[in-house]
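Here, each number is a calculation from the coordinates, and none is a lab measurement. What you see is a predicted model, and the numbers here were worked out from it, not measured in a lab. Neighbour counts run over all protein chains shown; Cβ positions are idealised from the backbone, glycine included.
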Amino acid sequence: MHPHWEILVDHLRAELEGYGGLLQLFNEQQDNLLRGDSDAVLSYAHEIEAQIRIAGELRECREASVRLFAETNRRPPTSTLHQLLPCVSDEVRPLLSALIDEVNHLIRRVRHGARRNHDILSRAVQVHQETLRALRPSAFSKTYSPHGEVSISGDRPAWQAAG
């Protein structure tokens, strides 16, 4: 049987792979966004959704192993991995600490990549809507929500309005 810290290392490495794969997909999606390849962007959206599920499952496995490690070491099951570092030998601590830091770093990069791609997509939709409104202003009307948000709707799709 593996010592419990080795199981933690295995789960952290697997989680790193999951987040690394997700980051790679966001980068590839961004490349296709900037090239204007909408079919590829949609394809990557499906792959990203699948990878998010995988990364979530890997995170849950790691969290379960952390709870088990905590209980095995008579610590509260809600202990963080950083809080549990004193439970491993001095030789193992730098490895676990580095893996924890790298997982946290990748999570930040994944969030940044998701936000960046969302911003690019939002801006593309906004430019598209502005272009359509400039071409056929009478086909669109503005309404306001109770919170003051503007919603623009058209009577019919712009591609039908031309005829």
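Of the residues 8, 25, 12, 33, which is in a helix (DSSP H, G or I) and either touching an Asp or Glu at 6+ places or on another chain (Cβ under 7 Å) or loosely packed, with under 13 Cβ neighbours inside 10 Å (or both)? Give the steps one after another, and end with the answer.
Values: 8 fails: either touching an Asp or Glu at 6+ places or on another chain (Cβ under 7 Å) or loosely packed, with under 13 Cβ neighbours inside 10 Å (or both); 12 fails: either touching an Asp or Glu at 6+ places or on another chain (Cβ under 7 Å) or loosely packed, with under 13 Cβ neighbours inside 10 Å (or both); 33 fails: either touching an Asp or Glu at 6+ places or on another chain (Cβ under 7 Å) or loosely packed, with under 13 Cβ neighbours inside 10 Å (or both).
Unique residue meeting the criteria: 25.
Among 100, 54, which is the only one that is assigned to a helix (DSSP H, G or I), within 27 Å of residue 37 (Cα to Cα) and of a type in the set (Val, Ile, Thr)?
Answer to the selection: 54.
Could you grab me the full set of residues in the stretch 79-97 that are of a type outside the set (Ser, Thr, Tyr) and in a loop (DSSP other than H, G, I, E, B)?
Passing the criteria: 88, 90, 91, 92.
Which pairs do you get when a residue that is farther than 30 Å from residue 116 by Cα, found in the stretch 1-23, comes within reach of a residue that is among the small types (Gly, Ala, Ser), reach meaning Cβ atoms under 6 angstrom, with the pair 6+ apart or on two chains?
Cβ pairs passing all conditions: 7/65; 8/65.
Residue 76: over 25 Å from the mean Cα position of the chain (by Cα), assigned to a helix (DSSP H, G or I), loosely packed, with under 14 Cβ neighbours inside 10 Å and without any contact (Cβ under 8 Å) to a residue 40 or more places away in the chain, yes or no?
Answer is no for this residue.
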